[in-house]
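Here's the structure we're looking at; comments come further down.
The values are calculated or read from the model by the stated rules, or taken from the named source; none is laboratory data. Since this is a predicted model, take the numbers as computed values, not measurements. Here the Cβ is made from the backbone with ideal geometry for all residues, glycine too, and neighbour counts use every protein chain on show. What goes into the accessible areas is simple: the full protein's heavy atoms, side chains included, and nothing from ligands, DNA or RNA. Shrake-Rupley method; radii C 1.70, N 1.55, O 1.52, S 1.80 Å.
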Amino acid sequence: IALPLAEAADAGAVGEGALLGAYSFDTYKETAQTNGAAKSRNGKAPVADVVLLGGKPRDRAYKAAIERATAVSEELNRARDLINTPPNDLNPAAFAAVAQDAAKAHGLKVQVLDEKALAKGGYGGILGVGSGSASAPRLVKVSYTSPKAKKHLALVGKGITYDSGGISLKPAGHNETMKCDMSGAAAVFAAVVAAARLGLEVNVTGWLALAENMPSGSATRPGDVLRMFSGKTVEVLNTDAEGRLVLADALWAASQEKPDAIVDVATLTGAMMLALGSRTFGIMANDDAFRTAVHEAAEEVGEEAWPMPLPEHLRKGMDSPVADIANMGERMGGGLVAGLFLREFVGEGITWAHLDIAGPAFNEQGPFGYTPKGGTGSAVRTLVRLAELTAAGDLG
């Protein structure tokens, strides 16, 4: 690829674009060998090698830029692979196993809470969502620790490996892409591994709240009350508003470690798609300056995002006559209502931001730019940039 590479950052940008644009998910397609390269029978083989002309390979800055582009892109593509994997092959236990394998490869610490540990710990949100499925839920903690770290960034990801809506079943036409409802957890997982590969001087902990939301005789019903890990009770008015329930438990778990900041990522609401379309994610926060910083980080790495408010008057709509809070509120402004719900489960005094990636996480249209059809890896680059800024002391 012959493009102007006047600075190291140019080489990094071109390398990142090439690596992301060459992505192909052919795991489940019959392939043929063509000149030694795997080729899908209904397509052509992706680019295998990329050479950047005009760079300075012996220059330390250029080399670092390419190494960064490689690490971030490979982990983003790992997130895409997870999102594209069908739910019969990626249930909560399988996702946890992927995290364990990556931990061994990259020197990370991993802790997996199974259904017994979740019940013992009182994680009523995650257990409630997963109670209708034959595949039990998991809460996975993946930790990267730097000996030079002065800050701790916690990342929390929604990991619904398949979302049928539960008893509040989704209508026909809304189920086919629901394997992507774990895109937030995939982004968090990829970002932690990328931070380790880059050797960032910051502690980064990822919390993957994994469950499958299915209807059955054991499923949570509308009207049930769940006692969350924080001790608060939640009246479930709609079982298809399940992401906020698993995130609530994970946010409170993350809060117990008193990190400098928490960022959660989730394909949370259709309302956010109505507000911002299919290529832009919304950012909410309990601190305006932090929300701005997250927005600027997203813009810097090329991810479309927009700051959204948390109007206090919408909180009243979640008042419940039988519990501390309901999992549904006013229909109008539903994406903001979800953010207000999550804020209830963030520890006091902890800076927090919520990224609703419902729109850009899964591309149902044709490829554009370096974005493929299917899983996109939305928010991975923003999270990595936030980790870099935290390490440099420029965030939080």
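What number goes with the only condition from (1) open to solvent by less than 30 Å² (accessible area, probe 1.4 Å); (2) more than 27 Å from Thr233 (Cβ to Cβ) that Gly334 does not pass? Of the numbered conditions (1) open to solvent by less than 30 Å² (accessible area, probe 1.4 Å); (2) more than 27 Å from Thr233 (Cβ to Cβ), the odd one out for Gly334 is (2). Candidates Glu299, Glu303: the one that is surrounded by 20 or more Cβ atoms within 10 Å (Cβ to Cβ) and either touching a helix residue (DSSP H, G or I) at 6+ places or on another chain (Cβ under 7 Å) or of a type in the set (D, E, K, R) (or both) is Glu303. The residues in segment 7-45 that are at pLDDT 80 or above, out of contact with any strand residue (DSSP E or B) (no Cβ under 6 Å at 6 or more places or on another chain) and either assigned to a loop (DSSP other than H, G, I, E, B) or loosely packed, with under 11 Cβ neighbours inside 10 Å (or both) can be counted, and the count is 7. Taken together, the residues in segment 200-258 that are hydrophobic (A, V, I, L, M, F, W, C), in contact with a Gly (Cβ under 6 Å, 6 or more places away or on another chain) and part of a strand (DSSP E or B) amount to 5. From the list Leu90, Leu108, the lone residue that is farther than 28 Å from Lys373 by Cα and within 19 Å of the chain's Cα centre (by Cα) is Leu108. With respect to the stated conditions, Glu201 fails to be among the acidic types (Asp, Glu), within 30 Å of Pro360 (Cβ to Cβ), out of contact with any His (no Cβ under 8 Å at 6 or more places or on another chain) and open to solvent by less than 40 Å² (accessible area, probe 1.4 Å). Taking only segment 324-380 into account, find how many residues are part of a loop (DSSP other than H, G, I, E, B) and among the small types (Gly, Ala, Ser). Residues that pass the stated criteria total 12.
Considering Thr292, Thr280, which residue is touching an Asp or Glu at 6+ places or on another chain (Cβ under 7 Å), on the phi < 0 side of the Ramachandran plot and at pLDDT 95 or above? Walk me through it before giving the result.
Working: Thr292 fails: touching an Asp or Glu at 6+ places or on another chain (Cβ under 7 Å).
Criteria check complete, one pass: Thr280.
Taking every residue in segment 50-70 that is among the aromatic types (Phe, Trp, Tyr) and pairing it with any residue that is surrounded by 12 or more Cβ atoms within 10 Å (Cβ to Cβ), at least 6 positions away or on another chain, the pairs with Cβ-Cβ distances below 7 Å are Tyr62/Ala8; Tyr62/Ala11; Tyr62/Gly55; Tyr62/Lys56. Among the numbered conditions (1) surrounded by fewer than 24 Cβ atoms within 10 Å (Cβ to Cβ); (2) in contact (Cβ under 8 Å) with a residue 24 or more places away in the chain, the only one that Ile357 does not meet is (1). A count restricted to segment 139-198 and to residues that are touching a helix residue (DSSP H, G or I) at 6+ places or on another chain (Cβ under 8 Å), part of a strand (DSSP E or B) and open to solvent by 10 Å² or more (accessible area, probe 1.4 Å) stands at 4. When Gly130 is tested against (1) open to solvent by less than 10 Å² (accessible area, probe 1.4 Å); (2) modelled with pLDDT under 95; (3) of a type outside the set (Asp, Glu), only condition (2) is not met. Scanning segment 225-243 for residues that are farther than 21 Å from Ser135 by Cα and charged (D, E, K, R), we see that the one that is surrounded by the most Cβ atoms within 10 Å (Cβ to Cβ) is Glu235. Taking segment 65-76 as the range and being farther than 14 Å from Val192 by Cα and open to solvent by less than 30 Å² (accessible area, probe 1.4 Å) as the test, the residues that pass are Ala65, Ala69.
Of all residues in segment 304-343, those being touching a residue at least 24 places away in the same chain (Cβ under 8 Å), farther than 15 Å from Asp264 by Cβ and small (Gly, Ala, Ser) number 5.
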